[in-house]
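The next block holds one structure in the form of structure tokens; read it before the comments.
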Amino acid sequence: MKSDAIAMTPLGGERKQGTVCIFGTGDFGRSLGLRLLQAGYEVVFGSRDPKNNSLVPQGSKVMAHAEAAQMAQVIFMAVHRNHYQFLTSLTSSLEGKVLVDVSNNLKMGQYPQSNAEYLSSLVPGASVVKGFNTVSAWALQSGALDASRQVFVCGDDPKAKQAVVDIAHSLGLTAQDRGSLRAAGELEDIPLQLFPLWRLPLWIAGGLLAAFYFYLVCRDVIYAYVKDGKDISFRMMISLANKVFPIVSLIMLGLCYLPSILAAILQLYHGTKYKRFPDWLDRWMLCRKQLGLVALALAFMHVLYTLVIPIRYYVRYRLSAITISQIRENRTDVFDTTMAWRTDSYYSLGILGFGFYVLLGITSLPSVSNALNWREFRFVQSKLGHVTLLLCTAHTFLYGWDRFLKLSTYKWWTPPGYMLSLVIPCVVLVSKLILILPCFDRTITRIRQGWERPDRGSTRLNSPTQQPLMP
């Protein structure tokens, strides 16, 4: 039910809202009270110590809990769960009221029952709504301009939920109905999640970085010490890092587009789009944006490390030694046109690839992607994304050039790291080239438009990541 509101005054003055009660005068309660006052509501605080009113926003009132509950229809419970017991003495005062539980826990699964359901059991005569627990006190103080504006609401009384949604909208927040009060536990877990969609990409990036760094230390540093007795351990700081970053970045960029290839193959195999993808593929597809952003960060690190190469002591020493040696021997190297073409092409493709890389990252920002329609977003993220992958792969091929033909390249019979980084991108590009052939592309398009192959039975279980198939 909506809180009592006073309509616009005849002279066109400010719209006067109803009265809202807040139990609790902590940081969140005070911040919420201030926002409600700014939105035109009358605010009354319920407190154990009504005389201590020095911290509450100016313009609000502080009363005892029972007296404050009589003043408003909607009451925000800005207290912790372990203080709910005092409500049992207020059962009659809270009869028919809307109690908004904004509490959170210190860890997931802390209690067998959600806070909101526990509150409902203590005050069965009230309509309990879970909401505002995902909005911080800072978001309320800053006007939600530089913090989360999303409010999730759940409850068993539709009118009570609508009253909370109306308050959220009047505060400039966006509200989403998440169903019955049974969803309260899920809402209470949201603030406790630490970058849920970033965990898999970060684990992948961390694992690949550690594995390739160890691999290259063995191939370069340890090999040189064992075979030639040279100590080149200083290269671990810049040279090896500048090899590992682009290797992992290219692999992760390929991993952004590999799931869409696998999804298309599965749809061709099943002859329908209504069969669920495996859970691991669903999870993979949901974190493609994060995979791409981590890959972009690693590519940016590669650029920074490359820029410092000319000022490194080792490089300056080598250039000076070579120059002095040529002067003493009165020798000049012959200009190699092929090498000039190779190096210029190598740098050019690297610059273009990084430029498209940055473009993909920019369009992933919500403020930019919201300004694009679906076709524009798909063109950038899918078409230009594959172009980026192609440019970066070609950049890596030019880096290796013809060294794969030389036996000395395979130290301890192991391939260099850049060769391993080409496996996934090449698989993605070759598979994509095959799938865009008319014989496959027409079938995939028909399947995504709802066509089903007659000889394949299908269970119409829509996957949450059926659309889009491309990042």
remark   = Taking the stretch 392-416 and keeping residues of a type outside the set (S, T, N, Q) and crowded, with 20+ Cβ neighbours inside 10 Å leaves Cys392, His395, Pro416
ask   = Has the stretch 258-275 got any residue that is closer than 30 Å to Thr409 by Cβ and not basic (Lys, Arg)?
value = yes
remark   = Reported set for the stretch 26-55 where residues are surrounded by 21 or more Cβ atoms within 10 Å (Cβ to Cβ) and among the aliphatic types (A, V, I, L, M) is Leu32, Leu36, Val43, Val44
key: Where a residue in the stretch 112-131 is within 11 Å of Asp156 (Cα to Cα) and its partner, wherever it lies, is assigned to a helix (DSSP H, G or I) and among the β-branched types (Val, Ile, Thr), with Cβ under 8 Å and at least six apart   = Val129/Val164
query = Pairs under 6 Å by beta carbon, first residue within 15 Å of Gly400 (Cα to Cα) in the stretch 416-439, partner among the charged types (D, E, K, R) and assigned to a helix (DSSP H, G or I), six or more apart or different chains?
reply = Gly417/Lys243
query = Name the pairs: first residue in the stretch 371-388 and closer than 16 Å to Pro425 by Cβ, second residue of a type in the set (S, T, N, Q) and assigned to a helix (DSSP H, G or I), Cβ to Cβ under 9 Å, at least 6 apart or on different chains?
reply = Ser382/Ser260; Leu384/Thr363
message = All but one of (1) modelled with pLDDT under 95; (2) surrounded by 21 or more Cβ atoms within 10 Å (Cβ to Cβ) hold for Pro124; state the number of the condition that does not hold.
response = (2)
Pair list, Cβ under 9 Å, 6 or more apart: the stretch 333-358 residue more than 22 Å from Ser382 (Cα to Cα), other residue of a type in the set (Lys, Arg) and surrounded by 13 or more Cβ atoms within 10 Å (Cβ to Cβ) = Asp336/Arg342
query = If Val380 satisfies every condition in (1) closer than 18 Å to Gly292 by Cα; (2) modelled with pLDDT of 90 or more but one, which is the exception?
reply = (2)
query = What's the number of the condition Lys159 fails, among (1) touching a strand residue (DSSP E or B) at 6+ places or on another chain (Cβ under 6 Å); (2) modelled with pLDDT of 90 or more; (3) of a type in the set (Lys, Arg)?
reply = (1)
Scope the stretch 65-77; condition surrounded by fewer than 18 Cβ atoms within 10 Å (Cβ to Cβ) and in contact with a strand residue (DSSP E or B) (Cβ under 7 Å, 6 or more places away or on another chain); matching residues = Met71
note = In the stretch 453-471, residues that are touching a helix residue (DSSP H, G or I) at 6+ places or on another chain (Cβ under 9 Å) and either modelled with pLDDT of 90 or more or among the β-branched types (Val, Ile, Thr) (or both) total 1
key: Residue selected from the stretch 223-244 under the condition in a helix (DSSP H, G or I) and of a type in the set (A, V, I, L, M, F, W, C), by the criterion farthest from Tyr418 (Cα to Cα)   = Val226
message = Taking the conditions exactly as written (closer than 25 Å to Trp284 by Cα and assigned by TED's automatic domain parsing to the domain that holds Met108), does Leu187 satisfy them or not?
response = yes
request  = Answer yes or no as to whether Thr337 is closer than 22 Å to Leu398 by Cα and more than 40 Å from the chain's Cα centre (by Cα).
outcome  = yes
query = Looking at this structure, is Ile324 out of contact with any helix residue (DSSP H, G or I) (no Cβ under 6 Å at 6 or more places or on another chain) and hydrophobic (A, V, I, L, M, F, W, C)?
reply = yes
ask   = For Tyr314, are the conditions met, namely being in contact (Cβ under 8 Å) with a residue 60 or more places away in the chain and of a type in the set (Phe, Trp, Tyr)?
value = yes
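The values are calculated or read from the model by the stated rules, or taken from the named source; none is laboratory data. Note that the coordinates shown come from a computational prediction; the quantities given were computed from them, not determined experimentally. Note that each Cβ is placed from the backbone with ideal geometry, even for glycine, and that neighbours are counted across all protein chains shown.
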